[in-house]
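This report concerns only the one structure given below.
Only the coordinates and a few stated rules stand behind these numbers; no lab work does. Just so we're clear, the structure is a prediction, and the values are computed from it rather than from any experiment. As a convention, Cβ positions derive from the backbone with ideal geometry for all residues, glycine included, and neighbour counts pool all protein chains shown.
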Amino acid sequence: MSRRTVLQNHTHFQDQIDNIIQYGLDIINDRLSYFGGDQKQQQKSMLLESLLLRSCALWESFVENEVVFLVALEPTKLKSETGLPQNTRLNLKLIRALLFSDTYRTYYNIEQSKPILNRLLSDKYNLFKQIKKEQLDKISFVYKLRNYLSHYSVFAKRQLLNAYKKHCSYKRFLEPGMFLIKQKGKHFENLIHNFKLTSLSMQVNFK
Amino acid sequence: MDKIIAEIKNIKAKNTIIFSESYYKSCDNKTIMGEVPFKQVLFLDYRETEAGSNPREYNGLKHANLKILQSLLKDYENMFRFLHSGIIVSLVNPTFTDDKTTQYDDCCLTNGNQTRFIVLILVLLKLFFHKTELKSVKGKDFQSFIKTNFDDIEGIRNLVRFVKFNKVAEIINYLHNNKKYLESFNKMDIDSFLNARIRIQINLIDAILDDLDDETLDTYHAGTLIAEANNDTQNVKVDDIFGTKNRRELNEKIFKDFNKEYHRQVEIEFRLGEVVDKVKKVHILTLLRLAVATGILCKENDIFKSTNQRIPIYKLFERLLKKDNVDNTIMAISKIIPLLYKIRVNYIEPYLEDCKRKFTREYKEKAISGDLGNTIIGTQVSSLLNNDRELQKLIQRNINYNIEHIMPVIVFRIRMLFRENEKNKLDLTISEANRPDFFKGLVEAVYKKYVELKLAGLPTSLTTVVRDKKYYESGYETYIAFKNFYKSSETDYITKNSHIIK
């Protein structure tokens, strides 16, 4: 297992985020020919919502791989956590199995996952510590949008409205797609780009 | 004096506006009106902010400004606020601590910039002479006073660099030549002057945008729209004189093909602000500049020098219109203008906006990765890594562009690609299908060079740098690569039709 694999994970994720931003901006700036008629805004809005959901999925997959790769660089803590002898030889498949196969587990919410990440990763390779608070706040905002889009529940709607108030001083509720289109896609670009900036912050001292 | 300087700087440092009395706030939270002391408006931003950009710089003691100066000196304490229509400001992300105070993230002084600069110059002079009478002053002494006292806060530093010494000297000279006003100035008490009132209207951009169905407007463009509308009715003398005097000839000769092609679609504005209907409009200067950059009327060096200039462009065309035997040149210019206008609108403007967003993202990434250490913003960037909003603003300020700095270079680059088709219509030797990629590449190359130059630290002012031959070399490799890749041929259309005006 090499540091290169970790960096590749970042590059791959960053490229995918770049593509999503470019696609989203093409949608917002009317550069795609497949919209039309009275439903144009609605169609654009739906696509942007899908791109947001996709970004969240990519983030989750990126974080999942990152945890596996970083543990592989220094698996001592995982071995202690799981009670394995320190001379056990672990490969990526085994690490993945130990981390994820017993129950559904996800680390995308870094704030909440901090304690477990601290228990699994050595200080040297805990790149999640490099993430800035503002970046985590933005990711949390994205997940308010994502949760509302995934459930359309009253609770999720209330959470999202609170997030609109906190982050943008909005007083009224906006459907996520309409919010993402606003101001030439400023919010869309800013929130999705934050995923890439977060990844860059993580790798800044790792190169 | 130090106390006063600290107080006025503190107002800017805190990004606040404190009214003299409780302000009026509209029920829809979109407007605030009231009166503020002069000290509150001294350093309000007016160019390239998230709240918009005011197109007018301070233009010295022209007629209206002279009246403002006289009115201020006559009775700033009582009558001035009733004689002056007040200032207009756009704010982004305002908060209201009480019924007298508002704090904001970004601000754009959209109307009243001339008045503000006059007030600011008077305050600076008063502080400079500090209880002594007004005398002649050397430029370097004044600049050193500014540097010593106003260099530590970025927002103020950025603004006072537009207080040009020649404009300060103009006011000093005027006062020396007018005893009555000189006496008023000498008697003026700085404290009461700073507390004299001016009326203010504030447009709260976020609330305005919040209820707007137009998704394409952001705070910058909404603020700029307001600023431009506020300034459209102002006279810009040199343009108006040229446009009015030559309207018929320009319409019949220079803009003949443009009028044919854009009939009822785009109106040419010969006097700034004259087209008020809801139609697309373009100012004569925008169109004339396009032709100049091809070199059809002047030598290369004069193309460079005329970047973002007005008077030399008007002079060139004034002379051209007076000349005999220049029909071919005029006909060629008439054909060039609509083609280049189309390129500007269809490719350059949208690609520049795309690039601006892309570069903003890229430079933020570089900031996070610690790759901006060698630029002029390196130190500031490292102190802002935990403040995304400020980092974004800092980068955007440095990424911002003036299309009149970039468009001439693009035209200069493609000047050998004009050809007349079978129907005698002017076209490029690059096919329509290849143009998006061609112009995208060219815009990116030229704009990138522009940003790099800015970030490397300019040896002189930006306007001097964009008039340099070296800057005009940007995009050359991209041009050659695309031209060869698309097998586009170069033509002698410009040289064949040129008429160099000396």
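Quick notes on this one:
- Rounded tilt (10° steps) of B:349-368 against the dominant C-alpha axis of chain B: 60 degrees
- When each full DSSP H helix of chain A is screened for a Cα extent of at least 18 Å along its own axis and an average Kyte-Doolittle hydropathy of at least 0.0, the helices passing are A:40-73.
- Overall form of the range B:46-85 per C-alpha gyration tensor (a/c, 1.5; a/b vs b/c): oblate
- Rounded if a/c under 1.5, otherwise prolate or oblate - the protein assembly as shown, Cα gyration tensor axes: oblate
- Low-density loop positions, trypsin sites (Lys or Arg not before Pro), the range B:316-353 - DSSP coil, at most 15 other Cβ in 10 Å: B:LYS323
- Using alpha-carbon coordinates, inclination of helix B:2-13 to the longest axis of chain B, degrees: 50 degrees
- Rounded to 10°, Cα long-axis angle of helix B:113-129 versus longest principal axis of chain B: 50 degrees
- Checking the cross-link pairs B:LYS423/B:LYS487; B:LYS315/B:LYS496; A:LYS129/A:LYS157; B:LYS140/B:LYS449 against a 24 Å limit on the alpha carbon distance flags A:LYS129/A:LYS157; B:LYS140/B:LYS449 as lying beyond it.
- Alpha-carbon centroid distance for the pair the range A:32-85 / the range B:485-502, whole angstrom: 53 Å
- Binned Cα-Cα distances of chain A, short to long, each 10 Å bin given as a whole percent: 8, 32, 31, 19, 9, 2, 0
- Dipole of chain B, positive end: most advanced residue of B:ASN65, B:SER383, B:TYR46 [Cβ charges, Cα centre]: B:ASN65
- When the alpha carbon coordinates of chain B are projected onto the principal axes, the ranges are 73, 55, 48 Å, largest first.
- The order of B:THR102, A:THR82, B:THR110, B:THR329, going from fewest to most other C-beta atoms within 10 Å of their C-beta, is A:THR82, B:THR329, B:THR102, B:THR110.
- Of all lysines in the structure, the ones whose alpha carbon falls short of 16 Å from that of A:LYS182, not counting any fewer than 8 places away in one chain, are A:LYS40, A:LYS44, A:LYS165, A:LYS171.
- Listed residue pairs exceeding 28 Å between alpha carbons, taken from B:LYS440/B:LYS470; B:LYS448/B:LYS502; B:LYS9/B:LYS131: B:LYS448/B:LYS502
- Part-to-part distance (alpha-carbon centres) for the range A:87-162 and the range B:63-77, which is given in Å: 63 Å
- Mean Cα-pair separation over length for chain B, i.e. relative contact order, pairs under 8 Å, 6 or more apart, %: 15 percent
- Projected label points at B:LYS280 and B:ASP371, each 7 Å from Cα along the beta carbon direction, are separated by 3.7 nanometres.
- Global form of the range B:2-232, assessed from the alpha-carbon gyration tensor, a/c cut-off 1.5: prolate
- Going by neighbour counts of Cβ atoms within 10 Å, the residues B:CYS27, A:CYS56 line up, fewest first, as B:CYS27, A:CYS56.
- Spatially proximal aspartates and glutamates relative to B:LYS14 (Cα-Cα < 15 Å; intrachain offsets below 8 disregarded): B:ASP45, B:ASP105, B:ASP106, B:ASP152, B:GLU154, B:GLU390
- Pairs of Cα atoms nearer than 8 Å and 6+ residues apart set the relative contact order; for the range B:1-79 it is 19 percent.
- B:GLU432-B:THR460 FRET efficiency (beta carbon distance; Förster radius 51 Å; 0.05 resolution): 0.80
- Neighbouring partner chain Cβ atoms per residue of A:180-193, average, 10 Å criterion: 4
- Average Cα contact separation per residue, the range B:2-232, under 8 Å, 6 or more apart, as relative contact order %: 36 percent
- Of A:LYS186/B:LYS167; A:LYS77/A:LYS132; B:LYS135/B:LYS393, those spanning more than 29 Å from alpha-carbon to alpha-carbon: A:LYS186/B:LYS167; B:LYS135/B:LYS393
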